[in-house]
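> This structure is in structure tokens; I'll ask about it shortly.
No lab work stands behind these numbers, since they all come straight from the coordinates. No experiment lies behind these values; they were computed from the predicted model shown. No Cβ is skipped: glycine too gets one built from the backbone with ideal geometry, and neighbour counts run over all protein chains shown.
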């Protein structure tokens, strides 16, 4: 009886091991994130981003209008770059840097500080680790 129990336990363990190995061998099953570029926000998401910036930085009406225009233009440029084919990471980083410089040009010193903190907090954890 104990030999039968041992064989059954061994068989179940091997089955579980093989099943787990087969599942983990499947693409995307190991917690890997998509290796392509991130999806860009839609119009509604951009409006929410602008609203968060407006509230966090206490923007004036004029600043809000200008920042909103920059956000929409930035993501439109990014979409055009992505639609044109394989776009390099450097190109996207340059677009982002230009965007941030343009936004910061509209802000006061204290708002710039708050904007940078907001941008840093919005970065995915992987990017935050790589930037240290």
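> Can you sort 60, 2 by how many other beta carbons sit within 10 Å, fewest first?
2, 60
> Moving on. Could you tell me how far the Cα centroid of the stretch 58-102 sits from the Cα centroid of the stretch 41-55, in Å?
Here the answer is 13 Å between Cα centres.
> Please report, to one decimal in angstroms, the Kirkwood hydrodynamic radius of the stretch 43-130 built from all distinct Cα-Cα pairs.
Evaluated on the stretch 43-130, it is 13.8 Å.
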